[in-house]
1. Would you kindly derive the ³J(HN,Hα) couplings of segment 194-203 from the backbone phi angles with the Karplus curve 6.51 cos²θ - 1.76 cosθ + 1.60 (θ = phi - 60°), listing them in order in whole Hz, with x for Gly and Pro?
2. How much area per residue is accessible in the chain when the probe is 1.4 Å and only protein heavy atoms are counted (Å²)?
3. Could you give each residue of segment 152-157 its phi-based ³J(HN,Hα) in whole Hz, using Karplus coefficients 6.51, -1.76, 1.60 with θ = phi - 60°, and x for Gly or Pro?
4. For the chain, with all protein chains present and a 1.4 Å probe, just round the carbon and sulfur fraction of the accessible area to a whole percent.
5. Given (1) 26, 23, 16; (2) 35, 24, 15; (3) 29, 19, 16, which label gives semi-axes √(5λ) of the Cα gyration tensor in Å as computed from the coordinates?
6. Which aspartates and glutamates, if any, have their Cα less than 18 Å from the Cα of K57, not counting same-chain residues under 8 positions apart?
7. Can you tell me which lysines have their Cα less than 16 Å from the Cα of K156? Leave out same-chain residues fewer than eight positions away.
8. Using a Förster distance of 25 Å, how high is the FRET efficiency between K250 and T144, based on the Cβ-Cβ distance and rounded to 0.05?
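The values are calculated or read from the model by the stated rules, or taken from the named source; none is laboratory data. This structure is a prediction, so every number in the text was calculated from the model and none was measured. Here the Cβ positions follow ideal geometry from the backbone for every residue, glycine too, while neighbour counts run over all protein chains shown. Note: accessible area is taken over every heavy atom of the protein model, side chains too, but ligands, DNA and RNA are not part of it. Shrake-Rupley method; radii C 1.70, N 1.55, O 1.52, S 1.80 Å.
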Amino acid sequence: MKHPLSWLLLLGCTVIAWAADPERVLFIGNSYTHVNQLPDVFAEVVKSGGHKVPTIKSSTPGGQTFKQHLTVQPKSLAAIDEGQWDVVVLQGQSQEPALAEVSPAIRADFVDSAAALCQRIRAKSPQARIVFYETWARHADYWTAKGKDFNPGVGKDPAEMQARLRLWYGNVAKANQAILAPVGDAWERNYQSKEPFRLHVADNSHPDFKGTYIAALVMYRTIYQPKDVAVAYRGKLSEAEAKALQALVK
């Protein structure tokens with residue numbers, strides 16, 4: 001089903017109004033989407049917001065980059081090629097956009113593969129709204145613990161890593177006439193607050209349920225553009241926790 005814009009699309013941000021709710025939504029990503037089943041949490045938020053829940057599918061093999069979705073993940077390509085998607089959410093490997101700042105090769109793979117995915121999506125779903133899922137920086141403990149997966153190339157601290165994620169996801173969103181879902185920015189606001197929640201699990205990378213809940217709220221805000229995200233659904237969270245997390249979504 002085609003959904004004409006009700007007014008101007010502002011590239012690389014979330015200030016967008018659409019004429020109709022989506023009927024079919026596809027998530028392409030990896031463990032950052034799969035952990036805590038973000039598509040299912042998103043569906044609950046949509047329902048709680050008073051909207052009909054769309055058909056939602058996903059392809060989320062662990063650790064995959066945009067290039068790998070294009071080259072070694074036939075399930076991802078088959079899902080895209082089903083066509084008739086109203087929204088397709090694209091989430092890249094968690095460090096790739098940060099490393100793109102310092103590695104020309106990684107930057108080229110990220111930018112070129114993002115464009116190729118957008119082209120393939122639009123070939124099968126010309127009406128699709130493509131949403132780039134801006135992820136979050138590692139927890140500050142990542143830099144102090146310096147575990148076996150430590151990579152100093154992602155930046156000197158969470159602020160620098162998040163700035164790079166924001167920049168490169170924003171760049172590919174703008175270049176491909178797509179939308180940015182600033183999930184990582186909401187995480188950053190949490191960690192900058194006086195009483196932050198711990199959104200990462202012990203590996204300092206993946207989300208706990210609170211982190212996934214914020215991601216679902218940002219997706220809802222980005223795709224549906226409600227007046228607010230004060231939805232009743234809170235999963236395993238207390239009412240106070242849910243309200244505090246909702247307040248982080250701008």
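1. Listing the rounded values in order: 5, 10, x, 7, 7, 9, 8, 7, 5, 6 Hz.
2. Details: 10850 Å² over 250 residues.
Ligands and nucleic acids excluded, the figure is 43 Å² per residue.
3. x, x, 7, x, 7, 6
4. On the way: 5880 of 10850 Å².
Answer for the chain: carbon and sulfur cover 54 percent of the accessible area.
5. Answer by label: (1).
6. The qualifying aspartates and glutamates are D21, E23, D40, E44, D81, E82, D86.
7. Partners found: K146.
8. On the way: r = 29 Å, r/R0 = 1.17.
E between K250 and T144, to the nearest 0.05, is 0.30.
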